[in-house]
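First up is the structure itself, then whatever we jot down about it.
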Amino acid sequence: MEKLKALKGFKDLLPGESERWDAVASLVRNTFHAFGFSPVRTPVLERTTLFTRSIGETTDIVEKEMYTFEDWDGKAVTLRPEGTASVVRAYLEHRLGLHPLPVKLYYQGPMFRHERPQAGRLRQFHQVGAEIIGEIDPKQDVELLSLLSHFFEQTGISGLTLEINSLGCPLCRPPYRKTLQDYFQVRLGTLCEDCGRRFNSNPLRILDCKKATCKTVTQEAPASADHLCPECETHFKAVQEGLNVLKLPYSLSKHLVRGLDYYTKTAFEMTTTQLGAQNAVAAGGRFDGLVEALGGPATPAIGFAMGMERIMQLLPESQHELPKLRLFMAPLGEVAGQHLFPVLYALRQQGICCEMGKPSAALKRQMKQADRLEAAFVLIAGEEEMAAEQVILRNMRTKAQLHLPLSNLVEGISAQIAP
RNA sequence: GUGGGUGUAGCUCAAUGGUAGAGCACUGGUCUGUGGCUCCAGUGGUUGAGGGUUCGAUUCCCUUCACUCACCCCA
């Protein structure tokens with residue numbers, strides 16, 4: 001029989017690692033809440049058109065990476081490859097724009113792209129994202145970046161760089177794109193094969209080609225930040241000033257581009273050098289045209305997404321610590337076992353993490369089990385103790401033992417072992 | 001989709017053209033009601049799968065699959 005196993009690019013999260021994910025999730029909750037963001041959860045399955053209209057028909061994601069299939073009613077549906085489109089869809093569907101603007105939302109959950117797995121890249125991966133919808137003010141850009149920066153500070157991850165750029169808007173991007181194509185037109189011979197393709201499909205992409213030969217060509221290429229319309233230029237300047245006021249470190253990256261079509265103006269990435277080729281830990285930008293493109297009123301917005309798997313790889317070891325077992329109860333014989341069983345339940349109801357051994361097992365064996373589970377305390381209830389209406393409570397670290405009466409046992413235990 | 005690397009016990013890895021071993025882990029004993037340490041023993045592998053060469057293949061060759069890294073793309 002064929003061995004059953006998880007699909008390529010899909011991973012199980014086992015005890016040990018799961019707790020670390022929970023810890024990061026709760027850090028997300030606290031941090032994002034402090035910055036005024038509310039959580040949303042949207043379905044993982046959406047109509048395919050949501051993504052083709054938002055991400056862009058000709059992007060690689062839409063063309064060859066989406067898990068798309070026909071639903072029972074014959075309609076094309078897709079496992080979401082990213083989160084922003086769904087959030088905007090929900091924003092429009094539930095008329096969240098009727099709330100005071102801007103609306104600030106965040107989400108976390110699995111995304112799906114059929115790519116070849118490699119370091120920091122899976123087919124089911126997890127993102128945490130935040131969006132500010134309904135406000136064009138560059139202060140929103142700065143607020144969002146301050147959240148990003150503060151969050152990573154809280155994680156203890158070091159060695160991150162915030163890079164920013166401006167991609168322009170529908171007014172200044174087309175002429176810039178033309179300028180760029182003119183520049184590359186006469187240099188096509190020196191570009192790599194991939195860049196030859198990009199020249200027509202997405203000339204901006206040539207700017208972040210990794211090949212050395214292309215890099216020498218792109219070095220002198222015109223930068224979008226130098227070809228902005230007055231509005232975009234003012235906006236970009238204001239963002240930089242805002243970052244300076246908050247003393248947030250960043251660097252201007254003239255050749256930073258985005259993979260999804262909906263981005264405008266401010267674009268940014270949080271990168272690391274410790275993760276191999278997949279060096280972006282978080283990325284995002286302004287998407288002032290997306291809400292309208294999905295059928296809503298013209299509404300400016302900005303957001304980012306962070307890759308959970310990449311964050312987990314960078315998280316310092318100190319964050320791995322697991323909660324330990326507080327109490328292990330070792331009954332010797334059925335009488336003790338039956339007496340302790342309700343006590344076990346009562347202690348757990350108080351939120352105390354405890355386990356109980358098998359009454360038929362020898363004390364030595366139960367002690368060993370308690371040790372393996374890293375129990376802080378062990379409760380020993382043998383025949384002698386039961387006859388004397390008491391139990392022994394042993395502190396495993398100090399080896400100190402004391403007797404507790406059977407009456408009011410739950411209270412007696414919790415008073416002794418409270419952390 | 002393209003290219004490179006690697007597949008031996010649950011984990012980390014040895015070894016040899018003559019049908020496999022260690023450490024860790026696990027189970028038990030040493031220790032008749034008190035854990036960690038020591039020592040001893042035990043469980044555990046059709047050497048990823050299929051085919052070929054050979055008297056004989058885990059080792060050499062081919063194919064395939066899986067994992068992995070990189071390209072592409074992207075968080």
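For chain A, modelled as a Gaussian network with Cα springs under 10 Å, which listed residue fluctuates most, A:115, A:57, A:193?
Most flexible of the set in this elastic network: A:193.
Rounded, prolate or oblate: which fits region A:327-417, taking a ≥ b ≥ c as square roots of the Cα gyration tensor eigenvalues, rounded meaning a/c under 1.5, else prolate when a/b beats b/c?
Because its axes are fairly even, with a/c under 1.5, region A:327-417 counts as rounded.
Fully extended, how many nm does the chain gain between residue A:334 and residue A:27 (0.36 nm per residue separation, minus their Cα-Cα distance)?
Gain on stretching residue A:334 to residue A:27: 106.0 nm.
Can you work out ³J(HN,Hα) from phi for every residue in region A:384-389, in order, using Karplus 6.51 cos²θ - 1.76 cosθ + 1.60 and θ = phi - 60°, giving whole Hz and x for Gly and Pro?
4, 5, 4, 5, 8, 6
Any idea what angle helix A:230-245 forms with the longest principal axis of chain A, computed on alpha-carbon atoms, 0 to 90 degrees, nearest 10?
30
Rounded to whole Hz and in sequence order, give me ³J(HN,Hα) for region A:343-356 from the Karplus expression 6.51 cos²θ - 1.76 cosθ + 1.60, θ = phi - 60°, writing x for Gly and Pro.
So the Karplus estimates, Gly and Pro as x, are 5, 4, 5, 5, 5, 5, 4, 7, x, 8, 7, 9, 9, 10 Hz.
How big is Rg to Rh over region A:97-207, alpha-carbon atoms, Rh as the Kirkwood inverse-mean-distance radius?
Looking at region A:97-207, the ratio lands at 1.05.
What span do the alpha-carbon atoms of chain A cover on each of the three principal axes, reported in whole Å from largest to smallest?
95, 58, 47
Are there trypsin sites (Lys or Arg not before Pro) in region A:218-260 that DSSP puts in a loop and that have at most 12 other Cβ atoms within 10 Å, and which ones?
A:247
Which FRET efficiency value, to the nearest 0.05, is calculated for residue A:118 and residue A:371 with the Förster distance at 45 angstrom and r the Cβ-Cβ distance?
So, using R0 = 45 Å, E works out to roughly 0.65.
At a 1.4 Å probe radius, carbon and sulfur cover how many percent of the accessible area of chain A?
53
Answer rounded, prolate or oblate for region A:260-377, using the Cα gyration tensor with square roots of eigenvalues a ≥ b ≥ c: rounded when a/c is under 1.5, else prolate when a/b is larger than b/c, else oblate.
prolate
Express as a percent, rounded to the nearest 5, the fraction of DSSP beta bridges in region A:1-139 (both residues included) that run antiparallel.
Bridges in region A:1-139 that DSSP calls antiparallel: roughly 90 percent.
State the extension gain, in nm to one decimal, for the chain segment bounded by residue A:408 and residue A:10, taking 0.36 nm per residue of separation less the distance between their alpha-carbons.
Gain on stretching residue A:408 to residue A:10: 138.3 nm.
Could you provide, to the nearest whole Å², the per residue accessible area of chain A with probe 1.4 Å?
53
Given an 8 Å cut-off on Cα distances and at least 6 residues of separation, report the relative contact order of chain A as a percent.
15
Residue separation times 0.36 nm, minus the C-alpha to C-alpha distance between residue A:234 and residue A:90: what's the value?
Net length gain for the segment: 48.7 nm.
The values are calculated or read from the model by the stated rules, or taken from the named source; none is laboratory data. Computed from a prediction, not measured in an experiment: that's the story for all the values here. Methodologically, a virtual Cβ is constructed for each residue, glycine included, from the backbone with ideal geometry; neighbour enumeration extends over all protein chains shown. With ligands, DNA and RNA removed, areas are computed over all heavy atoms of the protein, side chains included. Shrake-Rupley method; radii C 1.70, N 1.55, O 1.52, S 1.80 Å.
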